[in-house]
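Reading through the C-alpha coordinates given below for one structure.
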Amino acid sequence: MLSKIFSGAVHGVDGYIVTVEVDIAPGLPKLCTVGLPDAAVKEARDRVVAAVRNSGFDFPVRKVVVNLAPADIKKEGASFDLPIAAGVLAATGDLQEEHLGGWCLIGELALDGSLRPVRGVLAIAMEAKRKRLKGIIVPRENAFEAAVVRSLRVMGCGSLKEVVDFLNKEELPLPLIEAPLASASGDSLPACDFSEVKGQAYAKRALEIASAGAHNVLMIGPPGTGKTMLSRRIATILPPPTLEESIETTKIHSVAGLLPKERSLLTERPFRSPHHTISDSALIGGGSVPRPGEVSLAHNGVLFLDELPEFHRNVLEVLRQPLESHRVVVARSKETMSFPANFMLVAAMNPCPCGFLGHPSRDCVCTPQQVQKYSGKISGPLLDRFDMHLEVPSLKIDELTGEDGLGEKSQIIRKRVVKAREHAAARLKKSPAERKKAMALDTEGKKLLRTAVQKLGFSARAHDRILKVARTIADMGESAQIRPEHLAEAIQFRALDRARP
(Lines give C-alpha, C1' and ligand atoms only; values in the text may rest on other atoms or scores of the structure.)
Protein backbone atom coordinates (compact mmCIF):
# COMPACT_ATOMS: atom_id res chain seq x y z
CA MET A 1 0.00 0.00 0.00
CA LEU A 2 1.54 3.26 -1.18
CA SER A 3 0.40 6.88 -0.93
CA LYS A 4 1.88 10.20 -2.05
CA ILE A 5 1.26 13.63 -0.53
CA PHE A 6 2.68 17.09 -1.22
CA SER A 7 4.27 19.03 1.61
CA GLY A 8 6.79 21.82 1.78
CA ALA A 9 9.98 22.97 3.47
CA VAL A 10 12.26 25.98 3.50
CA HIS A 11 15.77 26.22 2.05
CA GLY A 12 17.34 29.51 3.04
CA VAL A 13 14.39 31.90 2.84
CA ASP A 14 12.70 30.21 -0.12
CA GLY A 15 10.19 27.40 0.01
CA TYR A 16 10.23 24.20 -2.02
CA ILE A 17 7.76 21.37 -2.46
CA VAL A 18 8.48 18.01 -0.84
CA THR A 19 6.78 14.80 -1.95
CA VAL A 20 5.99 12.58 1.04
CA GLU A 21 5.76 8.92 0.02
CA VAL A 22 4.38 6.43 2.54
CA ASP A 23 4.62 2.69 2.00
CA ILE A 24 3.10 0.07 4.32
CA ALA A 25 4.53 -3.43 3.89
CA PRO A 26 4.71 -6.67 5.84
CA GLY A 27 7.37 -6.70 8.54
CA LEU A 28 8.08 -5.83 12.14
CA PRO A 29 6.09 -2.82 13.38
CA LYS A 30 8.30 0.20 12.71
CA LEU A 31 8.07 3.68 11.20
CA CYS A 32 11.24 4.53 9.28
CA THR A 33 11.89 7.95 7.69
CA VAL A 34 14.40 8.41 4.86
CA GLY A 35 15.34 11.41 2.72
CA LEU A 36 17.93 13.23 4.88
CA PRO A 37 15.68 13.92 7.90
CA ASP A 38 17.06 15.78 10.91
CA ALA A 39 16.38 14.83 14.54
CA ALA A 40 13.03 16.66 14.65
CA VAL A 41 11.80 14.82 11.55
CA LYS A 42 12.96 11.46 12.92
CA GLU A 43 11.09 12.12 16.16
CA ALA A 44 7.91 12.58 14.12
CA ARG A 45 7.31 8.82 14.26
CA ASP A 46 6.35 8.96 17.95
CA ARG A 47 4.17 12.06 17.51
CA VAL A 48 2.45 10.62 14.44
CA VAL A 49 1.67 7.26 16.05
CA ALA A 50 0.16 8.89 19.15
CA ALA A 51 -1.74 11.53 17.13
CA VAL A 52 -3.26 8.97 14.75
CA ARG A 53 -4.46 6.73 17.59
CA ASN A 54 -5.75 9.60 19.73
CA SER A 55 -7.68 10.93 16.72
CA GLY A 56 -9.73 7.70 16.60
CA PHE A 57 -7.83 5.85 13.88
CA ASP A 58 -5.84 2.62 13.96
CA PHE A 59 -2.14 2.83 13.27
CA PRO A 60 -0.99 -0.13 11.13
CA VAL A 61 0.99 -2.78 13.01
CA ARG A 62 3.33 -3.24 10.06
CA LYS A 63 6.48 -1.77 8.62
CA VAL A 64 5.91 1.85 7.52
CA VAL A 65 8.53 3.56 5.34
CA VAL A 66 8.33 7.31 4.75
CA ASN A 67 10.40 8.90 1.98
CA LEU A 68 10.86 12.66 1.74
CA ALA A 69 11.78 13.64 -1.81
CA PRO A 70 13.97 15.22 -3.07
CA ALA A 71 16.29 13.09 -0.99
CA ASP A 72 19.43 15.21 -1.51
CA ILE A 73 18.21 18.20 0.58
CA LYS A 74 18.26 17.99 4.36
CA LYS A 75 14.77 18.15 5.88
CA GLU A 76 14.30 19.81 9.25
CA GLY A 77 11.52 20.82 11.61
CA ALA A 78 8.23 19.31 12.68
CA SER A 79 6.15 20.52 9.71
CA PHE A 80 6.14 17.03 8.16
CA ASP A 81 4.03 15.53 10.97
CA LEU A 82 0.71 16.24 9.26
CA PRO A 83 1.61 14.96 5.76
CA ILE A 84 3.19 11.80 7.24
CA ALA A 85 0.06 11.10 9.30
CA ALA A 86 -2.19 11.82 6.31
CA GLY A 87 -0.05 9.55 4.14
CA VAL A 88 -0.38 6.70 6.63
CA LEU A 89 -4.17 7.12 6.77
CA ALA A 90 -4.35 7.29 2.98
CA ALA A 91 -2.34 4.07 2.70
CA THR A 92 -4.67 2.30 5.18
CA GLY A 93 -7.82 3.54 3.45
CA ASP A 94 -9.05 5.87 6.22
CA LEU A 95 -8.38 8.82 3.92
CA GLN A 96 -9.47 8.91 0.29
CA GLU A 97 -6.23 9.38 -1.61
CA GLU A 98 -7.90 10.75 -4.73
CA HIS A 99 -8.88 13.83 -2.69
CA LEU A 100 -5.26 14.50 -1.74
CA GLY A 101 -4.16 15.41 -5.24
CA GLY A 102 -2.87 18.98 -5.50
CA TRP A 103 -3.06 19.82 -1.77
CA CYS A 104 0.05 20.80 0.17
CA LEU A 105 -0.06 19.75 3.83
CA ILE A 106 2.03 21.40 6.58
CA GLY A 107 1.78 21.20 10.34
CA GLU A 108 3.15 19.88 13.61
CA LEU A 109 1.04 17.33 15.49
CA ALA A 110 0.47 17.23 19.22
CA LEU A 111 0.01 13.84 20.85
CA ASP A 112 -3.76 14.38 21.03
CA GLY A 113 -3.95 15.02 17.27
CA SER A 114 -4.24 18.83 17.41
CA LEU A 115 -2.20 20.96 15.03
CA ARG A 116 0.47 23.39 16.16
CA PRO A 117 1.85 26.28 14.09
CA VAL A 118 5.15 26.03 12.23
CA ARG A 119 7.47 28.61 10.69
CA GLY A 120 8.14 29.39 7.05
CA VAL A 121 4.52 28.91 5.92
CA LEU A 122 4.47 32.02 3.72
CA ALA A 123 7.54 30.91 1.74
CA ILE A 124 6.00 27.46 1.19
CA ALA A 125 2.64 28.96 0.20
CA MET A 126 4.38 31.15 -2.40
CA GLU A 127 6.07 28.08 -3.86
CA ALA A 128 2.79 26.13 -3.83
CA LYS A 129 1.21 28.89 -5.91
CA ARG A 130 4.18 28.91 -8.29
CA LYS A 131 3.81 25.14 -8.73
CA ARG A 132 0.07 25.65 -9.35
CA LEU A 133 -1.06 23.34 -6.60
CA LYS A 134 -4.75 23.21 -5.68
CA GLY A 135 -4.24 24.73 -2.25
CA ILE A 136 -2.52 24.45 1.10
CA ILE A 137 -3.70 22.99 4.42
CA VAL A 138 -2.02 24.51 7.47
CA PRO A 139 -2.59 24.86 11.23
CA ARG A 140 -5.27 27.42 12.03
CA GLU A 141 -2.69 29.81 13.55
CA ASN A 142 -0.79 29.90 10.23
CA ALA A 143 -3.85 30.33 8.03
CA PHE A 144 -3.80 34.12 7.68
CA GLU A 145 -0.07 34.06 6.99
CA ALA A 146 -0.55 31.62 4.11
CA ALA A 147 -3.58 33.56 2.84
CA VAL A 148 -1.35 36.57 2.12
CA VAL A 149 -0.57 34.72 -1.14
CA ARG A 150 -3.37 35.70 -3.47
CA SER A 151 -5.22 33.17 -5.67
CA LEU A 152 -4.19 30.26 -3.45
CA ARG A 153 -6.86 28.29 -1.61
CA VAL A 154 -5.99 28.06 2.07
CA MET A 155 -7.53 25.78 4.68
CA GLY A 156 -6.79 26.36 8.35
CA CYS A 157 -7.49 23.29 10.48
CA GLY A 158 -7.17 22.66 14.19
CA SER A 159 -6.57 18.90 14.25
CA LEU A 160 -5.76 15.82 12.21
CA LYS A 161 -9.42 14.77 12.43
CA GLU A 162 -10.51 18.05 10.80
CA VAL A 163 -8.05 17.51 7.96
CA VAL A 164 -9.33 13.97 7.35
CA ASP A 165 -12.96 15.10 7.47
CA PHE A 166 -12.24 17.88 4.99
CA LEU A 167 -10.39 15.65 2.55
CA ASN A 168 -13.10 12.99 2.85
CA LYS A 169 -15.69 15.70 2.13
CA GLU A 170 -17.56 14.99 5.34
CA GLU A 171 -17.06 18.31 7.11
CA LEU A 172 -15.69 21.49 5.56
CA PRO A 173 -13.96 24.18 7.61
CA LEU A 174 -14.46 27.69 6.31
CA PRO A 175 -11.98 28.52 3.52
CA LEU A 176 -9.79 31.56 4.05
CA ILE A 177 -9.81 33.64 0.91
CA GLU A 178 -7.45 36.43 1.90
CA ALA A 179 -5.58 37.84 4.87
CA PRO A 180 -6.40 41.31 6.25
CA LEU A 181 -4.11 43.98 4.88
CA ALA A 182 -5.56 46.92 6.80
CA SER A 183 -2.30 48.73 7.49
CA ALA A 184 -0.45 47.87 4.30
CA SER A 185 -0.59 51.50 3.18
CA GLY A 186 1.57 52.58 6.12
CA ASP A 187 -1.06 54.97 7.49
CA SER A 188 -0.90 53.55 11.01
CA LEU A 189 0.53 55.95 13.58
CA PRO A 190 4.08 55.05 14.70
CA ALA A 191 4.91 54.47 18.35
CA CYS A 192 7.53 57.26 18.29
CA ASP A 193 7.82 60.51 16.38
CA PHE A 194 10.52 62.95 15.29
CA SER A 195 8.64 65.80 16.94
CA GLU A 196 9.61 64.31 20.31
CA VAL A 197 13.29 65.11 19.68
CA LYS A 198 14.27 68.55 20.96
CA GLY A 199 16.85 70.57 19.10
CA GLN A 200 19.35 68.83 16.77
CA ALA A 201 18.01 70.57 13.65
CA TYR A 202 21.24 69.74 11.78
CA ALA A 203 20.96 66.06 12.64
CA LYS A 204 17.29 65.94 11.66
CA ARG A 205 18.07 67.52 8.31
CA ALA A 206 20.85 64.98 7.73
CA LEU A 207 18.65 62.01 8.61
CA GLU A 208 15.94 63.30 6.29
CA ILE A 209 18.49 63.37 3.47
CA ALA A 210 19.69 59.89 4.41
CA SER A 211 16.15 58.52 4.39
CA ALA A 212 15.39 60.14 1.03
CA GLY A 213 18.36 58.44 -0.59
CA ALA A 214 18.64 55.31 1.60
CA HIS A 215 22.15 56.41 2.62
CA ASN A 216 24.16 54.77 5.38
CA VAL A 217 24.79 57.10 8.34
CA LEU A 218 27.37 57.18 11.14
CA MET A 219 26.58 59.54 14.02
CA ILE A 220 29.36 60.76 16.30
CA GLY A 221 28.73 62.63 19.51
CA PRO A 222 29.00 62.65 23.33
CA PRO A 223 26.68 60.50 25.47
CA GLY A 224 23.15 61.80 25.91
CA THR A 225 22.96 63.90 22.75
CA GLY A 226 20.05 61.88 21.31
CA LYS A 227 21.86 59.63 18.82
CA THR A 228 19.85 56.55 19.76
CA MET A 229 16.62 58.52 20.03
CA LEU A 230 17.10 59.92 16.52
CA SER A 231 18.00 56.53 15.09
CA ARG A 232 14.89 54.83 16.43
CA ARG A 233 12.75 57.38 14.63
CA ILE A 234 14.29 56.95 11.19
CA ALA A 235 11.87 54.14 10.34
CA THR A 236 8.96 56.55 10.92
CA ILE A 237 10.05 58.83 8.05
CA LEU A 238 10.98 56.13 5.55
CA PRO A 239 8.45 55.56 2.75
CA PRO A 240 5.84 52.91 3.64
CA PRO A 241 6.74 49.51 2.17
CA THR A 242 5.02 48.27 -0.96
CA LEU A 243 2.99 45.07 -0.80
CA GLU A 244 5.85 43.18 -2.46
CA GLU A 245 8.33 44.50 0.13
CA SER A 246 5.96 43.60 2.96
CA ILE A 247 5.59 40.05 1.69
CA GLU A 248 9.36 39.68 1.27
CA THR A 249 10.00 41.02 4.79
CA THR A 250 7.28 38.80 6.26
CA LYS A 251 8.73 35.74 4.56
CA ILE A 252 12.16 36.31 6.13
CA HIS A 253 10.70 36.79 9.61
CA SER A 254 8.47 33.74 9.18
CA VAL A 255 11.44 31.56 8.24
CA ALA A 256 13.32 32.87 11.28
CA GLY A 257 10.32 32.13 13.52
CA LEU A 258 9.96 35.80 14.50
CA LEU A 259 6.60 36.59 12.92
CA PRO A 260 4.18 37.80 15.65
CA LYS A 261 1.19 35.50 16.12
CA GLU A 262 -1.28 38.34 15.68
CA ARG A 263 0.30 39.55 12.41
CA SER A 264 -0.17 37.91 9.04
CA LEU A 265 1.80 40.58 7.17
CA LEU A 266 4.48 42.99 8.37
CA THR A 267 3.39 46.38 7.04
CA GLU A 268 6.07 48.47 8.72
CA ARG A 269 9.74 48.62 7.85
CA PRO A 270 11.83 46.57 10.29
CA PHE A 271 14.18 48.20 12.76
CA ARG A 272 16.85 45.86 14.12
CA SER A 273 19.23 46.88 16.90
CA PRO A 274 21.53 43.99 17.91
CA HIS A 275 23.74 44.22 21.01
CA HIS A 276 27.44 44.83 20.48
CA THR A 277 28.26 41.33 21.84
CA ILE A 278 26.62 39.71 18.79
CA SER A 279 28.63 37.12 16.86
CA ASP A 280 29.42 37.40 13.17
CA SER A 281 27.18 34.43 12.27
CA ALA A 282 24.25 35.94 14.20
CA LEU A 283 24.74 39.25 12.42
CA ILE A 284 25.33 38.01 8.90
CA GLY A 285 23.54 34.65 9.06
CA GLY A 286 24.84 31.13 9.35
CA GLY A 287 24.86 28.10 11.59
CA SER A 288 25.09 24.39 10.82
CA VAL A 289 21.84 24.88 8.90
CA PRO A 290 22.20 28.50 7.70
CA ARG A 291 19.57 30.88 9.02
CA PRO A 292 19.05 34.58 8.18
CA GLY A 293 20.94 36.95 10.46
CA GLU A 294 20.22 40.47 11.64
CA VAL A 295 21.21 42.01 8.30
CA SER A 296 18.53 39.93 6.55
CA LEU A 297 15.96 40.58 9.27
CA ALA A 298 16.59 44.29 8.60
CA HIS A 299 15.91 43.80 4.86
CA ASN A 300 13.85 46.74 3.51
CA GLY A 301 14.39 48.51 6.83
CA VAL A 302 17.03 49.84 9.21
CA LEU A 303 19.95 48.11 10.92
CA PHE A 304 21.10 50.18 13.90
CA LEU A 305 24.48 49.50 15.53
CA ASP A 306 24.82 51.46 18.75
CA GLU A 307 28.29 51.94 20.27
CA LEU A 308 29.90 50.88 17.00
CA PRO A 309 33.52 50.60 18.25
CA GLU A 310 32.40 48.13 20.92
CA PHE A 311 31.52 45.53 18.27
CA HIS A 312 34.21 42.97 17.57
CA ARG A 313 36.37 43.88 14.58
CA ASN A 314 35.60 40.63 12.71
CA VAL A 315 31.85 41.23 13.20
CA LEU A 316 32.01 44.67 11.62
CA GLU A 317 34.15 43.54 8.71
CA VAL A 318 31.55 41.00 7.53
CA LEU A 319 29.23 43.93 6.82
CA ARG A 320 31.36 45.15 3.94
CA GLN A 321 30.12 42.67 1.34
CA PRO A 322 26.33 42.95 1.98
CA LEU A 323 26.58 46.75 2.06
CA GLU A 324 27.77 46.62 -1.55
CA SER A 325 25.82 43.67 -3.01
CA HIS A 326 22.70 43.84 -0.78
CA ARG A 327 22.85 40.07 -0.39
CA VAL A 328 24.52 37.62 1.96
CA VAL A 329 26.01 34.40 0.62
CA VAL A 330 26.62 31.76 3.30
CA ALA A 331 28.78 28.90 2.01
CA ARG A 332 29.05 25.55 3.75
CA SER A 333 30.78 22.35 2.68
CA LYS A 334 27.53 20.78 1.49
CA GLU A 335 25.47 23.79 0.38
CA THR A 336 25.46 27.50 -0.30
CA MET A 337 22.56 29.78 0.63
CA SER A 338 21.80 33.36 -0.32
CA PHE A 339 19.80 35.76 1.85
CA PRO A 340 18.55 39.25 0.89
CA ALA A 341 20.16 42.11 2.84
CA ASN A 342 19.09 45.45 1.38
CA PHE A 343 19.05 47.64 4.47
CA MET A 344 19.91 51.15 5.59
CA LEU A 345 22.83 51.02 8.04
CA VAL A 346 22.72 53.54 10.89
CA ALA A 347 25.48 53.52 13.52
CA ALA A 348 26.35 55.63 16.54
CA MET A 349 29.58 56.10 18.44
CA ASN A 350 31.28 58.36 20.97
CA PRO A 351 34.26 60.46 19.83
CA CYS A 352 36.52 58.79 22.42
CA PRO A 353 36.40 56.11 25.17
CA CYS A 354 35.16 58.54 27.83
CA GLY A 355 32.83 60.18 25.31
CA PHE A 356 33.62 63.84 26.01
CA LEU A 357 36.23 64.72 23.41
CA GLY A 358 35.32 68.21 22.17
CA HIS A 359 32.55 68.64 24.75
CA PRO A 360 31.97 72.35 25.53
CA SER A 361 31.68 71.94 29.31
CA ARG A 362 33.31 68.61 30.25
CA ASP A 363 36.95 67.67 29.93
CA CYS A 364 38.09 64.56 28.07
CA VAL A 365 40.31 62.29 30.20
CA CYS A 366 41.55 60.13 27.32
CA THR A 367 45.10 60.23 26.02
CA PRO A 368 45.75 60.75 22.30
CA GLN A 369 46.79 57.12 22.04
CA GLN A 370 43.49 55.98 23.57
CA VAL A 371 41.51 58.17 21.21
CA GLN A 372 43.43 56.85 18.21
CA LYS A 373 43.02 53.24 19.33
CA TYR A 374 39.30 53.75 19.90
CA SER A 375 38.63 55.27 16.47
CA GLY A 376 40.97 52.70 14.88
CA LYS A 377 38.56 49.91 15.80
CA ILE A 378 36.58 50.89 12.70
CA SER A 379 38.52 50.17 9.52
CA GLY A 380 38.88 52.67 6.71
CA PRO A 381 37.03 50.50 4.15
CA LEU A 382 34.04 50.24 6.49
CA LEU A 383 34.05 54.00 7.13
CA ASP A 384 34.03 54.59 3.39
CA ARG A 385 30.81 52.62 3.14
CA PHE A 386 29.03 55.18 5.31
CA ASP A 387 27.67 57.81 2.95
CA MET A 388 27.31 60.36 5.74
CA HIS A 389 29.35 61.04 8.89
CA LEU A 390 27.18 63.13 11.14
CA GLU A 391 28.37 65.11 14.17
CA VAL A 392 25.70 65.28 16.89
CA PRO A 393 26.64 67.98 19.43
CA SER A 394 25.47 68.16 23.03
CA LEU A 395 22.33 70.19 23.68
CA LYS A 396 22.22 73.44 25.61
CA ILE A 397 19.99 73.72 28.66
CA ASP A 398 17.68 76.15 26.86
CA GLU A 399 17.07 73.60 24.10
CA LEU A 400 16.23 70.91 26.64
CA THR A 401 13.83 72.95 28.75
CA GLY A 402 12.24 75.15 26.08
CA GLU A 403 9.40 74.33 23.71
CA ASP A 404 11.02 75.93 20.69
CA GLY A 405 13.21 72.90 20.06
CA LEU A 406 10.31 70.65 19.04
CA GLY A 407 10.34 70.00 15.32
CA GLU A 408 8.08 68.63 12.62
CA LYS A 409 6.11 65.44 12.95
CA SER A 410 7.35 62.30 11.22
CA GLN A 411 4.37 62.26 8.84
CA ILE A 412 5.32 65.67 7.44
CA ILE A 413 8.96 64.68 6.97
CA ARG A 414 7.90 61.38 5.40
CA LYS A 415 5.95 63.20 2.69
CA ARG A 416 9.09 65.07 1.62
CA VAL A 417 11.11 61.84 1.71
CA VAL A 418 8.53 60.06 -0.46
CA LYS A 419 8.53 62.94 -2.94
CA ALA A 420 12.33 62.87 -3.22
CA ARG A 421 12.28 59.12 -3.83
CA GLU A 422 9.67 59.59 -6.53
CA HIS A 423 12.02 62.00 -8.30
CA ALA A 424 14.83 59.43 -8.06
CA ALA A 425 12.58 56.63 -9.34
CA ALA A 426 11.50 58.76 -12.30
CA ARG A 427 15.13 59.48 -13.15
CA LEU A 428 16.00 55.76 -13.13
CA LYS A 429 13.40 55.17 -15.85
CA LYS A 430 15.20 57.53 -18.20
CA SER A 431 17.95 56.60 -20.65
CA PRO A 432 21.57 56.09 -19.47
CA ALA A 433 22.58 59.34 -21.17
CA GLU A 434 19.93 61.32 -19.29
CA ARG A 435 20.87 59.70 -15.98
CA LYS A 436 24.52 60.54 -16.58
CA LYS A 437 23.56 64.13 -17.34
CA ALA A 438 21.64 64.36 -14.05
CA MET A 439 24.82 63.37 -12.17
CA ALA A 440 27.06 65.82 -14.06
CA LEU A 441 28.63 68.83 -12.32
CA ASP A 442 29.11 72.31 -13.69
CA THR A 443 32.52 74.00 -13.72
CA GLU A 444 32.13 75.46 -10.24
CA GLY A 445 30.98 72.12 -8.85
CA LYS A 446 33.90 70.23 -10.37
CA LYS A 447 36.35 72.74 -8.90
CA LEU A 448 34.75 72.44 -5.46
CA LEU A 449 34.84 68.65 -5.47
CA ARG A 450 38.42 68.53 -6.77
CA THR A 451 39.58 70.86 -3.99
CA ALA A 452 37.78 68.77 -1.34
CA VAL A 453 39.29 65.52 -2.61
CA GLN A 454 42.81 66.94 -2.71
CA LYS A 455 42.71 68.57 0.73
CA LEU A 456 40.81 65.88 2.62
CA GLY A 457 42.17 62.83 0.81
CA PHE A 458 38.82 61.27 -0.11
CA SER A 459 38.95 57.77 -1.57
CA ALA A 460 37.28 56.95 -4.88
CA ARG A 461 34.40 55.36 -2.97
CA ALA A 462 34.00 58.47 -0.79
CA HIS A 463 33.99 60.59 -3.97
CA ASP A 464 31.09 58.55 -5.36
CA ARG A 465 29.23 58.66 -2.02
CA ILE A 466 29.45 62.46 -1.98
CA LEU A 467 27.96 62.64 -5.47
CA LYS A 468 25.11 60.33 -4.49
CA VAL A 469 24.28 62.35 -1.40
CA ALA A 470 24.45 65.57 -3.44
CA ARG A 471 22.05 64.04 -5.97
CA THR A 472 19.62 63.21 -3.16
CA ILE A 473 19.83 66.78 -1.84
CA ALA A 474 19.10 68.02 -5.36
CA ASP A 475 16.07 65.70 -5.56
CA MET A 476 14.78 67.12 -2.28
CA GLY A 477 15.14 70.59 -3.79
CA GLU A 478 13.46 69.41 -7.02
CA SER A 479 16.54 70.36 -9.01
CA ALA A 480 17.35 68.59 -12.26
CA GLN A 481 21.09 69.26 -11.83
CA ILE A 482 23.52 69.03 -8.91
CA ARG A 483 24.37 72.60 -7.97
CA PRO A 484 27.45 73.71 -5.96
CA GLU A 485 25.36 74.31 -2.81
CA HIS A 486 24.10 70.69 -2.97
CA LEU A 487 27.68 69.46 -3.31
CA ALA A 488 28.92 71.66 -0.46
CA GLU A 489 26.28 70.30 1.90
CA ALA A 490 27.14 66.71 0.94
CA ILE A 491 30.84 67.35 1.64
CA GLN A 492 29.92 68.57 5.14
CA PHE A 493 28.67 65.07 5.92
CA ARG A 494 32.17 63.55 5.82
CA ALA A 495 33.18 64.49 9.37
CA LEU A 496 35.63 61.63 9.92
CA ASP A 497 37.36 62.28 6.61
CA ARG A 498 37.88 65.89 7.66
CA ALA A 499 39.31 64.69 10.97
CA ARG A 500 41.93 62.47 9.40
CA PRO A 501 45.50 63.79 9.37
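Quick notes on this structure:
- The stretch 438-473 - residue that is without any contact (Cβ under 8 Å) to a residue 24 or more places away in the chain and touching a His at 6+ places or on another chain (Cβ under 7 Å) and, of those, nearest to Asp384 (Cα to Cα): Val453
- Residue satisfying condition, being part of a helix (DSSP H, G or I) and touching a Phe, Trp or Tyr at 6+ places or on another chain (Cβ under 8 Å), within set Val52, Val20: Val52
- The test for being polar (S, T, N, Q) and either surrounded by fewer than 21 Cβ atoms within 10 Å (Cβ to Cβ) or touching a residue at least 40 places away in the same chain (Cβ under 8 Å) (or both) holds for Asn168.
- When Leu111, Leu95 are screened for being aliphatic (A, V, I, L, M), in contact with a Lys or Arg (Cβ under 7 Å, 6 or more places away or on another chain) and over 18 Å from Leu68 (Cα atoms), only Leu111 passes.
- Among (1) in contact with a Lys or Arg (Cβ under 8 Å, 6 or more places away or on another chain); (2) among the aliphatic types (A, V, I, L, M); (3) free of Cβ contacts under 8 Å to residues at least 40 places away in the same chain - the single one Met229 does not satisfy: (1)
- Residue within the stretch 331-346 that is over 21 Å from the mean Cα position of the chain (by Cα) and under 26 Å from Glu489 (Cβ atoms) present: no
- The lone exception for Val65 - which of (1) open to solvent by less than 10 Å² (accessible area, probe 1.4 Å); (2) within 18 Å of Thr19 (Cβ to Cβ); (3) β-branched (Val, Ile, Thr) it fails: (1)
- Matching residues, the stretch 205-229, being within 20 Å of Pro240 (Cβ to Cβ) and open to solvent by 20 Å² or more (accessible area, probe 1.4 Å): Gly213, Ala214
- Of residues in the stretch 39-82 being touching a residue at least 40 places away in the same chain (Cβ under 8 Å) and among the charged types (D, E, K, R), the one nearest to Ser159 (Cα to Cα): Arg47
- Residue match in the stretch 324-336 (condition: out of contact with any Ser or Thr (no Cβ under 7 Å at 6 or more places or on another chain), among the aliphatic types (A, V, I, L, M), open to solvent by less than 70 Å² (accessible area, probe 1.4 Å) and modelled with pLDDT of 90 or more): no
- Residue satisfying all of: in the stretch 346-361; out of contact with any Cys (no Cβ under 9 Å at 6 or more places or on another chain) and open to solvent by 30 Å² or more (accessible area, probe 1.4 Å); nearest to Pro274 (Cα to Cα) among these: His359
- Test: residue in the stretch 75-90 that is within 37 Å of the chain's Cα centre (by Cα), basic (Lys, Arg) and closer than 14 Å to Gly120 by Cβ: yes
- Which listed residue is over 30 Å from Leu297 (Cβ atoms) and not hydrophobic (A, V, I, L, M, F, W, C), from Gly8, Gly35, Gly15, Gly93: Gly93
- Contacts under 9 angstrom Cβ, first residue in the stretch 1-30 being without any contact (Cβ under 8 Å) to a residue 60 or more places away in the chain and open to solvent by 60 Å² or more (accessible area, probe 1.4 Å), partner outside any strand (DSSP E or B) and not aromatic (Phe, Trp, Tyr), 6 or more apart: Pro26/Arg62; Leu28/Arg62; Pro29/Pro60; Pro29/Val61; Pro29/Arg62; Lys30/Arg45; Lys30/Arg62
- Total residues in the stretch 237-290, condition under 12 Å from the mean Cα position of the chain (by Cα) and outside any loop (DSSP other than H, G, I, E, B): 16
- Number of positions in the stretch 360-379 that are touching a residue at least 24 places away in the same chain (Cβ under 8 Å) and within 35 Å of the chain's Cα centre (by Cα): 5
- Matching residues, the stretch 119-154, being in contact with a helix residue (DSSP H, G or I) (Cβ under 6 Å, 6 or more places away or on another chain) and assigned to a helix (DSSP H, G or I): Val121, Leu122, Ala123, Ala125, Asn142, Glu145, Ala146
- Total residues in the stretch 476-494, condition in a helix (DSSP H, G or I) and open to solvent by 10 Å² or more (accessible area, probe 1.4 Å): 8
The values are calculated or read from the model by the stated rules, or taken from the named source; none is laboratory data. For clarity, every value in this text was computed on a predicted model and none was experimentally measured. Glycine gets a Cβ as well: all are built from the backbone with ideal geometry, and neighbour counts include every protein chain shown. For accessibility, only protein heavy atoms count, side chains too; no ligands or nucleic acids. Shrake-Rupley method; radii C 1.70, N 1.55, O 1.52, S 1.80 Å.
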